[in-house]
Each structure stands twice: as structure tokens, then as C-alpha cells.
1. Whether any residue in the stretch A:36-57 is modelled with pLDDT under 95, under 30 Å from residue B:90 (Cβ atoms), out of contact with any Lys or Arg (no Cβ under 8 Å at 6 or more places or on another chain) and surrounded by fewer than 24 Cβ atoms within 10 Å (Cβ to Cβ) is what I want to check.
2. Taking the condition of being assigned to a strand (DSSP E or B), among the aliphatic types (A, V, I, L, M) and either surrounded by fewer than 16 Cβ atoms within 10 Å (Cβ to Cβ) or within 17 Å of the chain's Cα centre (by Cα) (or both), how many residues in the stretch B:1-19 meet it?
3. Only residues that are within 15 Å of residue A:21 (Cβ to Cβ) and buried (at least 23 other Cβ atoms within 10 Å of the Cβ): list them for the stretch A:177-208, please.
4. Go through the stretch A:216-288 and tell me which helices (runs of 4 or more DSSP H), entirely inside it, have 3 or more residues that are free of Cβ contacts under 8 Å to residues at least 60 places away in the same chain and over 28 Å from residue A:168 (Cβ atoms).
5. Before we move on, is residue B:149 under 13 Å from the mean Cα position of the chain (by Cα), more than 14 Å from chain A (Cβ to nearest Cβ) and not charged (D, E, K, R)?
6. Among the residues that make up the stretch A:150-167, is at least one of them surrounded by 20 or more Cβ atoms within 10 Å (Cβ to Cβ), within 14 Å of another protein chain (Cβ to nearest Cβ) and among the small types (Gly, Ala, Ser)?
7. Right, residue A:230: buried (at least 24 other Cβ atoms within 10 Å of the Cβ), among the hydrophobic types (A, V, I, L, M, F, W, C) and under 28 Å from residue A:138 (Cβ atoms) or not?
8. List the number of the failed condition for residue A:13; all other conditions in (1) part of a helix (DSSP H, G or I); (2) surrounded by fewer than 24 Cβ atoms within 10 Å (Cβ to Cβ); (3) out of contact with any His (no Cβ under 9 Å at 6 or more places or on another chain) hold.
Amino acid sequence: MIDLVQNTIDGVMIGSSYGLLALGFTLIFGVMRKLNLSYGPSIMIGGYLGTVLYLQYGAGLLAVAGAVVVGAVITGIYVERLCFAPMKAGAGIASMVSSFAIWMQLEQVAILILPRHTYAFPALATGLPLEFWSLLVRIDHLIVLCCALGLAAAVQLMLYRTRFGLGLRAIVGNPVAAHLVGINVQMAVLLAFAGASAIGGVAGFLVLAVDQQITPMFGMWATLKGLIAMMIGGLGSVPGAVLGGLLLGVLEAHSQWYFGPHIRDLVAYLVLFAFLVLRPGGLLGGAPETTTPLKA
Amino acid sequence: MLKVSDIVTAYGKIEALKGVSLQVESGKITCLLGPNGAGKTTLMMTIAGILQPRRGSIRLDGKELAGLSPARIVSQGVALVPENRLVFPQMSVHENLLAGAYQRRDRGGINTDIERMYARFSTLKERREQMAGTLSGGEQQMLAVARGLMSRPRVLLMDEPSLGLAPLIVAEIFDIIAELNRDGTTIFLVEQNAHMALQVAHQFFLMEQGRITFQGTPGQLAEDEVIQRAYLGTRRAAG
């Protein structure tokens, strides 16, 4: 019983980082209806920038965090200008494929900067875990959870309480009409992309600082976890992103405990598959129009 | 007031507008008639800046609009109520109106104008918190008109406001158009419903295959035999 509760707590903690990754993902997907596969690799480039500052110049934790976010945002804007801005509105596949190409490019850049496979990353918080009734909670995990909930609330407020958020939701509703009421659509999309990359940068920094290491594989890992969490939670939904992340984390924690680490990822993909078949819009997202079942 | 000169707009190699020129006079209702595929919507989208013309100029009181972004054109005082209304379906009626005022920064003025819209369109007031996608076609059309007015345009462009609406609702929409005009709004209207348009418009243009083929007053339009047969459906007098 105690294992069950402890595993669930661990899952929620790991899942909050997935939720953060999904939050950035869902912001891009929600506004553009296009998949950015370079999302994780952009964050990874930010991570490498932070690592270089840490290893070469002994930068402190806050400076490293800033570098990761700035690196992720700059790389994110680079991806937007190259893969999304020039593409016509309907050409989602072209954007996705070109973002895959940039993914490969970014991975090679990372390997050129730091050729060994693994490098150290500064730790978020050291010290003993907190103990509540013989249940353990790591301090750094708690920080990640608070950041995830705080940022999700901030994004939700931005979307539903600000003029800029109104503009973004108008673009989601009908891009042509958004132009017609005088919204600068290109600029709003670029800003949304930069904001999503900044959230991804925060997520990436927290995950790296908990793991205390970085590898070129981090980009793929971040894209996959963010994507699965977003799909489970609901495309384009902010609460859905967090919920999907937490659910994925809990699921992974339990399957790792009962079946081992190899089965863990298998379970995650199985659940994704089940969602795609049974509830393609995710937990909180409305079913996208493309998934309307065919009538006989 | 709004002067369109020799506009050419093309989709790839196909020219949808082959040198269109017309004028919209201040304080009047100007109507553009024409069959499907004549290029009426293309012209509206070109004036609004969604499509870029290949040639020609669009001037509002002498100021060039061609080449500006849609947002800049809105701030110059041109608003388009698009074909099929295109309301923001997942946003409330109130939020749709706020979006219509996106270019404006005067909070007090925006709120006053929203109240004015609610006074004019009472169904919108009743449904202010309802998602726009759940409104009926006629209600969505009224919302689209109100949203267009929220930018305080000097010229309101309307692309087939009667499309797909029941006759009673169409009559209501045309009452609103006449009323807006009486209050001083300059209106440039695209219609296929020539009968309704004849009742409100002051000036007519006919567009066929990307060219203007007739222009005149309602009187001249009603007299023109070709137009009578093609658009008003009246039979030629025997003999």
C-alpha cells in the first residue's frame, strides 16, 4: 500500500515535468494546428548553452536557467521563421517534415559543440528529501511541480484575461476573420511560438537540473514526452496538458515498479495508442474535426 | 471616398479580377451585383488586404491601401463583414465584439460601443455569454455586422449578408443595413439578391468574369433589359 502511494507521488512529480513540456507544445499546436517536432531539440540547444556556461565559466544556477530559456527561445524563433512562417496555412505536413529536418540539424550542432555523449548539469536542489508520514518527496521535484502549476495558471490567465490572449483565441477560431478584425496574425503567432519555447526552456532546465546531466538525446526525449502528454490530455488545452503530463508520469511510475524500466515506455505508448483510437481529442480537448468518424 | 482603380488580382496564373475600377461614395450604399464566380468576393478580400492585387490602386480619401496588411487597413477605417460570417465559434458573443475592437485602445469607448451594439441588436444582448458557434445563421450575421462596426469603420464592406438566410431574416438584415446607412455609415455591399439590394442601394455596379460591365442608379438598373432578365427574373413584356 505504501509503495502504491509512494509510486503515485513519484509519478506526479515526474509527470509535472512532462506537463510543462506539453504546455509549450499545446500552445504551439493550439494556435497553429501544426506539429513542431523541433520543439524538444530547440530546448536541448538551450540546455547545451547552459551547460557550456556552467562548465566553462562556472555560471550559477540562475544564470544557467536564464541561458537555457534564452537559448530555447532563440532556437524556437529560428524554427518558426524557417519551418512555419513561410508555409501556406494548409501545409501542416510541410511544416512538420521541415521541423524534423531542423531537429536533425540541431542534434548535429549539439554534438559539434560538446562531442562527448554526456555532460554534467548543475543540480536544482540538494539535500535530503522531505518526509511526510514515511512518504518521501524530493525538494527539486516539489519545485518542478510548483513551476508546472504556476506556469499553467499563468498561460490560462493570459489566454482568457488579456487582449493578446483574445487575439490568439481568435486566430485559433478563424485565421481569416482574425486578420479582418485587425489582428497582426504573423506577429501574434511568432510571439506565441517564442512564449511556448520559453516555457519549454523552463521545463528543460528543470528536468536537466533534476537529472544533473545532458545528452544530445534530450531533444528527442522532450519532444516525445511532451507530445504523448499533450495527446493524452487534449490537443490545445492548457489544463489538459498538465493533466496529461501527470497521468503519464503516474502511469510510468507504476509500470516501472511492477514491470521494470523496459516495459515502462511500452506502457506509455500503449496508452497513447488506446487514446488515439478511443478518444482522439484527449481527455479535455474537443475531438478535432479531422477525427469525425466516417458515416457508412 | 473609396476609389478602386484598375485592380488585377490573380490566383496563380488565373486572373480573377481583370482590371476593376469603381467608386464608393461617402454616406451612400453602393452595391456590387454579379453571378457566382464573377470575382466579387475576390474584390472584397483584395480591398481588405487578405489578397494582394497584382496591379492597380485602392484609395480611401486619397490614401493608398493596396499593399498594406489587413490590420493596417482596418486601422485606416475599412472593415469587412466576410462571406459566411466567419464568427469566432468558440468565443462568446461578447468576446467576438471585443475582438472586433482589437485595434482600439480606448476602453471606455469600446464599452460604450458594445452597449450601443446590444441596444441595436437585442438578440446579441440576450446571448452575450453564449458561444458564437451555437447561434443561428441570422444571429451570426448580426454578430458579424456588429463585430465589423466595433472597429468604427468609415466604410463597411459586406459580402453577401443574405447568404443562406431565411427570407424574413434577410429582410431584417436589409433593414439593419438601411438603418446603419441612415446613421451615416458608408456601405459597400456585395449581393446576389438584386430585389433586396434595389430597395436599399443608391448606386450599382455589375461584375461579370472579373470585369465591371454596368454601372448606374437603381432606376437605370431596373430599366436595363439584360439585367432584368438575368438578375430580377422579370419576363420581357410580350411583343
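1. Within the stretch A:36-57, one or more residues are modelled with pLDDT under 95, under 30 Å from residue B:90 (Cβ atoms), out of contact with any Lys or Arg (no Cβ under 8 Å at 6 or more places or on another chain) and surrounded by fewer than 24 Cβ atoms within 10 Å (Cβ to Cβ).
2. The total comes to 3.
3. Those that are within 15 Å of residue A:21 (Cβ to Cβ) and buried (at least 23 other Cβ atoms within 10 Å of the Cβ): A:196, A:197, A:199, A:200, A:201, A:202, A:203, A:204, A:205, A:206, A:207, A:208.
4. Of the helices (runs of 4 or more DSSP H) lying wholly inside the stretch A:216-288, those with at least 3 residues that are free of Cβ contacts under 8 Å to residues at least 60 places away in the same chain and over 28 Å from residue A:168 (Cβ atoms) span A:238-259, A:261-278.
5. Taking the combined requirement at face value, the residue does not satisfy it.
6. Taking every residue of the stretch A:150-167 in turn, at least one turns out to be surrounded by 20 or more Cβ atoms within 10 Å (Cβ to Cβ), within 14 Å of another protein chain (Cβ to nearest Cβ) and among the small types (Gly, Ala, Ser).
7. Criteria met by residue A:230.
8. It fails just one condition, (3).
The values are calculated or read from the model by the stated rules, or taken from the named source; none is laboratory data. None of the values given here were measured: they were computed from a predicted structure. Quick reminder, even Gly has a Cβ in these numbers, built from the backbone with ideal geometry, and neighbours come from all protein chains shown.
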